Amino acid sequence: MLIEFSVGNYRSFKDITTFSMLAAGLTAKDKALDENNVFAFNDEIRLLKSTAIYGANASGKSNLVRAIEFMQEFVLNSSKDSQASEPIPVEPFRLSTETSNAPSHFEMVFVVDGRRYRYGFELTSRRVIAEWLYHVPTIREAKLFERRDGKLDLPSAFKEGKDLWDKTRDNALFLSVVAQFNGPTAKSVLNWFSDLDVISGSVDLLDRTSTEEMLENHQSSGEIVRFVRSLDVGIDNIQFKSKEGSSRREARRIGKLLWPRIDPENIDIVTTHQKYDAKGEKVAIELFDIDSDESDGTRKLFGLAGPVLQALKTGKTLVVDELDARLHPLLTRAIIGLFNSNDTNPWNAQLIFATHDTNLLNKDLFRRDQIWFAEKDQFGATHLYSLAEFKVRNDASFGSDYIRGKYGAIPYLGDLTALAEPAGE
């Protein structure tokens, strides 16, 4: 589970900014929100099951998602031999002379196997400047290792890292190297980053791998079908079909042989629809190719089905950019409702998403600490803040107040009437 994420000097984030899943000390008007939308990690820490991030276009919402994704990918890949001679693909804040040569900062606070960790690093495109890993074994935070300016402080508590410092390149993370050599704590931390699911909400960029894997698995294929069918009227089933005209059974056999890299040139994913005669009687089944015949919304629901269901089944953290894109507001709300429920989310999976859908800014759906805003200042730097920081009544109209600019994070529109005026001679 994710507790906090901090980023600085990356894309539109100049100063270190922190996004938090910690529940604030407040109560919602509807007490059911407190019972379903919040869960306890321990006697002191309560966490949120979902958060929505609002802001104008180019305010930095997507950059927050990209920062999380960058940290994840660098943790998982930095120690690979293929990265040995490659520059680190970090993108510092470009609108200030102060940040041009300064390192970028990334830090994650999270829970693995019931223990809280704080891990982070600072880097440039050429090397890792600093790296640290702390944990909380009982009450107080304790250092596992800290790397700074080419030197490593390695307490005895992290003995799995012994003799591995010399094997760590300047452009690689020590944690990744230790995990590569099967250090148990390092592997657990890397597994947490691997389980973190960060996806784009764009239909064209949505990775459907996990959905397709579940569809091919006999035990979980029914869950995918039920998910899409319950949210998309008209679809009866989803299946693999060979483009070469072989039977469905043969298509599934081919899929199993080639999985997880099914050749898209040979296998289609099709949806089935009922065909009716003039009397309204069912007469046949019609197959639709999901990519060419179905709507963008249906394709997106299919792509989201796997990540959503996997998160709910295993208690993972799911981060989605533009969750609402191509979806009806009621569909988006239904997906959020799966996370904000003790019945459908017993393992406390977390959903973090960026959105423009003000229909979701509703006191009946979210607590104030579940609503976040991204806003750029006059110097082009993104700042994050929560609705819980405002003095707002529990019965306030969050959506209307946001549109009126009460919370900021909205676009500033110029005078557009001049665009309709005839051009001068």
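Specify the residue that is nearest to I3 (Cα to Cα); the eligible residues are those in region 127-156 that are open to solvent by 50 Å² or more (accessible area, probe 1.4 Å) and in contact with a strand residue (DSSP E or B) (Cβ under 8 Å, 6 or more places away or on another chain). Restricting to residues being open to solvent by 50 Å² or more (accessible area, probe 1.4 Å) and in contact with a strand residue (DSSP E or B) (Cβ under 8 Å, 6 or more places away or on another chain), the top hit is E141. All of V178, V189 fail the test of being closer than 20 Å to A84 by Cβ and at pLDDT 95 or above, apart from V178.
Please go through region 1-44 and give me each residue that is of a type in the set (A, V, I, L, M), closer than 23 Å to F390 by Cβ and over 19 Å from the mean Cα position of the chain (by Cα), ordered by number. Selection gives I16, A24, L26, A28, A32, L33. Applying a threshold of 6 Å to beta carbon distances and a minimum spacing of six or more residues, or different chains, the list of pairs starting in region 1-26 at a residue that is basic (K, R) and ending at one that is open to solvent by 50 Å² or more (accessible area, probe 1.4 Å) reads R11/E91. If you go through region 39-58 one residue at a time, do you hit one that is among the aliphatic types (A, V, I, L, M), in contact with a Gly (Cβ under 6 Å, 6 or more places away or on another chain), touching a residue at least 24 places away in the same chain (Cβ under 8 Å) and open to solvent by 30 Å² or more (accessible area, probe 1.4 Å)? No: region 39-58 contains no residue that is among the aliphatic types (A, V, I, L, M), in contact with a Gly (Cβ under 6 Å, 6 or more places away or on another chain), touching a residue at least 24 places away in the same chain (Cβ under 8 Å) and open to solvent by 30 Å² or more (accessible area, probe 1.4 Å).
Residue by residue, here is whether (1) touching a Phe, Trp or Tyr at 6+ places or on another chain (Cβ under 8 Å); (2) under 20 Å from F19 (Cβ atoms) holds:
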position: I269; (1), (2): yes, no
position: T272; (1), (2): yes, no
position: S295; (1), (2): no, no
position: T298; (1), (2): no, no
position: L301; (1), (2): yes, no
position: A305; (1), (2): yes, no
position: K313; (1), (2): yes, no
position: V319; (1), (2): yes, yes
position: H328; (1), (2): no, no
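Filtering region 332-375 to residues that are small (G, A, S) and out of contact with any strand residue (DSSP E or B) (no Cβ under 8 Å at 6 or more places or on another chain) leaves A334, G337, S341. The set of residues in region 146-171 being out of contact with any helix residue (DSSP H, G or I) (no Cβ under 8 Å at 6 or more places or on another chain) and part of a helix (DSSP H, G or I) consists of S156, A157, K159, D166. Against the numbered list (1) over 28 Å from E86 (Cα atoms); (2) out of contact with any Asp or Glu (no Cβ under 7 Å at 6 or more places or on another chain), Y134 comes up short only at (2). Within region 52-88, the residues that satisfy the criterion of being farther than 18 Å from V7 by Cβ and of a type in the set (S, T, N, Q) are N57, N77, S79, S82, Q83, S85.
Looking at T185, T211, just one residue is of a type in the set (S, T, N, Q) and out of contact with any strand residue (DSSP E or B) (no Cβ under 8 Å at 6 or more places or on another chain), and that residue is T211.
In this structure, does E160 turn out to be under 21 Å from G8 (Cβ atoms) and of a type in the set (D, E)? Against the criterion (under 21 Å from G8 (Cβ atoms) and of a type in the set (D, E)), E160 does not qualify. Can you tell me which residue within region 11-31, out of those that are under 30 Å from E98 (Cβ atoms) and among the β-branched types (V, I, T), is surrounded by the most Cβ atoms within 10 Å (Cβ to Cβ)? Step by step, filter region 11-31, then rank; the result is T17. Note on region 79-119: residues that are surrounded by 19 or more Cβ atoms within 10 Å (Cβ to Cβ), of a type in the set (G, A, S) and modelled with pLDDT of 95 or more amount to 1. Exactly one residue out of L206, L287, L215, L304 is at pLDDT 80 or above, within 23 Å of N340 (Cα to Cα) and not small (G, A, S): that is L304.
The values are calculated or read from the model by the stated rules, or taken from the named source; none is laboratory data. If you're wondering where the values come from, they're calculated on a predicted model, not measured in any experiment. Quick reminder, even Gly has a Cβ in these numbers, built from the backbone with ideal geometry, and neighbours come from all protein chains shown. Note: accessible area is taken over every heavy atom of the protein model, side chains too, but ligands, DNA and RNA are not part of it. Shrake-Rupley method; radii C 1.70, N 1.55, O 1.52, S 1.80 Å.
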